[in-house]
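K.L.:
Structure below; questions to follow.
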Amino acid sequence: MTRLKTSDICQIKSDLEQYNQALLSKTGRGLLGIACHAHGKDESQMQALIADFTILVVPVTAGEGIISDFSETVAAILRFLGFNARVSEQPDTCGVALAFESKAAALMMADDHRFVGINLNNRLVADNSQATGRVFAAALDLMARGIKGKQVLVLGCGPVGESAAMTLLSFGARVALCDIDIPRARLLKQRLLASSQGNKAVKEDIFIEEGLDFSPYSFILEATPCAETISDKLIGDHLFIAAPGVPVGVSTWGCRRLKERFLHDKLELGVADMSISLLS
Ligand code: 2YC
């Protein structure tokens with residue numbers, strides 16, 4: 001899991017309105033709308049629940065410690081969505097205790113291994129990796145004006161890629177799984193088929209991409225922790241990329257060239273999806 005740096009996130013708070021407009025332009029939905037789409041929820045019904053839902057963001061000093069701006073940015077994203085969210089004055093145990101004592105509906109916190117939201121009433125745990133894969137897959141469905149029946153290359157078969165592949169299959173896409181560790185891609189295929197009892201995925205919908213020629217694909221979900229996994233020569237007018245991976249897997253030139261057909265962020269969509277999970 002890539003650890004964010006303050007420089008990755010310090011602009012997010014001030015750019016939220018502008019980012020929301022960019023999402024609207026690319027997908028037809030804003031930050032809240034995309035998260036609702038990922039959960040099949042009605043946006044206005046969610047908005048009715050949000051205003052009274054208090055979330056305490058608790059800084060965590062364990063491991064490599066606090067990332068300046070991290071908790072404040074998470075709280076700012078939640079407030080932008082309409083939640084009553086704030087950062088606890090004290091970290092760690094004091095912060096968790098305060099969440100219960102102040103009767104918060106949920107808390108959000110991250111150590112070096114997991115970033116989670118926890119609903120303090122029904123014990124639901126919203127995991128950031130699962131949320132991020134799900135919401136970027138949902139955003140790709142919107143950007144593509146319907147991903148059903150289309151083939152998507154999923155680069156990276158870790159927790160984010162797994163969640164994205166599961167979500168893409170649930171939207172009716174066919175997925176090609178690709179990982180630098182091919183056995184990891186094969187294991188993910190087995191897990192997806194085993195879980196297909198839940199959705200209608202069948203063997204023909206899931207393919208292992210063992211080659212490195214990505215040129216046949218028009219839809220890519222980039223979920224690796226590597227920079228520039230997608231070379232500039234692949235970038236053209238036919239290509240849509242949803243890229244939750246940090247650092248971003250597309251060059252600066254590539255991001256500009258893709259314009260409306262490219263999505264990447266380092267916290268916003270994942271936090272929005274987590275918050276909708278907590279509401280459900
Ligand atoms: O400020 C704090 O409370 C720190 N303990 C936060 C550490 C977050 C570490 N995780 C990351 O940087 C990201 C997550 C946002 C998702 C994956 N890596």
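The values are calculated or read from the model by the stated rules, or taken from the named source; none is laboratory data. Keep in mind the model is a prediction, meaning the values are calculated, not measured. Note: ideal-geometry Cβ built from the backbone for every residue, glycine included; neighbour counts use all protein chains shown. Only protein heavy atoms, including side chains, enter the accessible area calculation; ligands, DNA and RNA are left aside. Shrake-Rupley method; radii C 1.70, N 1.55, O 1.52, S 1.80 Å.
K.L.:
Rounded, prolate or oblate: which fits segment 52-110 when a ≥ b ≥ c are the square roots of the eigenvalues of the alpha-carbon gyration tensor, with rounded for a/c under 1.5 and prolate only if a/b beats b/c?
P.N.:
oblate
K.L.:
Still on this structure: Within 10 Å, at most 14 other Cβ atoms, and a DSSP state outside H, G, I, E, B define an exposed site. Report the longest part of the chain free of exposed GluC sites (Glu not before Pro).
P.N.:
Here the longest segment lacking exposed loop sites spans 90-209.
K.L.:
Within the set Lys41/Lys233; Lys5/Lys148; Lys148/Lys189; Lys13/Lys148, which residue pairs have Cα atoms separated by over 30 Å?
P.N.:
Exceeds cut-off: Lys41/Lys233; Lys5/Lys148; Lys13/Lys148.
K.L.:
Rolling a 1.4 Å sphere over the protein heavy atoms, what is the accessible area per residue of the chain, to the nearest Å²?
P.N.:
On a per-residue basis, 45 Å².
K.L.:
In nm, give the distance between the simple-model label positions of Gln18 and Ile182, each being 7 Å from the Cα along the Cα-to-Cβ direction.
P.N.:
4.5
K.L.:
Let me ask something additional. By its C-alpha gyration tensor, with a ≥ b ≥ c as the square roots of the eigenvalues, how is the chain shaped: rounded for a/c under 1.5, else prolate for a/b larger than b/c, else oblate?
P.N.:
Cα axes put the chain in the prolate bin.
K.L.:
Could you calculate the contour length gain from Leu212 to Ser7, that is, 0.36 nm times the residue separation minus the distance between their Cα atoms, to one decimal place in nm?
P.N.:
Residue separation times 0.36 nm, minus the Cα-Cα distance, leaves 70.6 nm.
K.L.:
Carbon and sulfur together cover what percent of the accessible area of segment 47-151 at a 1.4 Å probe radius?
P.N.:
51
K.L.:
Decide, for segment 78-131, between rounded, prolate and oblate: order the square roots of the alpha carbon gyration tensor eigenvalues as a ≥ b ≥ c, take rounded if a/c falls under 1.5, and otherwise choose prolate if a/b is larger than b/c, else oblate.
P.N.:
It comes out rounded by the Cα gyration axes.
K.L.:
Same structure, new question: Counting only residues 5 or more places away or on other chains, whose amide H sits under 5 Å from the amide H of Val57 once H atoms are built in the peptide plane?
P.N.:
Arg86, Val87, Ser88, Met108
K.L.:
At Ser44 and Asp237, where each label point lies 7 Å from the Cα along Cα→Cβ, what is the point-to-point distance in nanometres?
P.N.:
About 3.9 nm, to one decimal.
K.L.:
Okay, moving on. Can you tell me the order of 73-81, 234-242, 4-12, 132-140 when each peptide is scored by its average per-residue count of other Cβ atoms within 10 angstrom, highest first?
P.N.:
132-140, 73-81, 234-242, 4-12
K.L.:
Place +1 on the Cβ of every Lys and Arg and -1 on the Cβ of every Asp and Glu in the chain, take the dipole about the Cα centre, and give the residue among Pro247, Cys36, Asn119 whose Cα lies farthest towards its positive end.
P.N.:
Cys36
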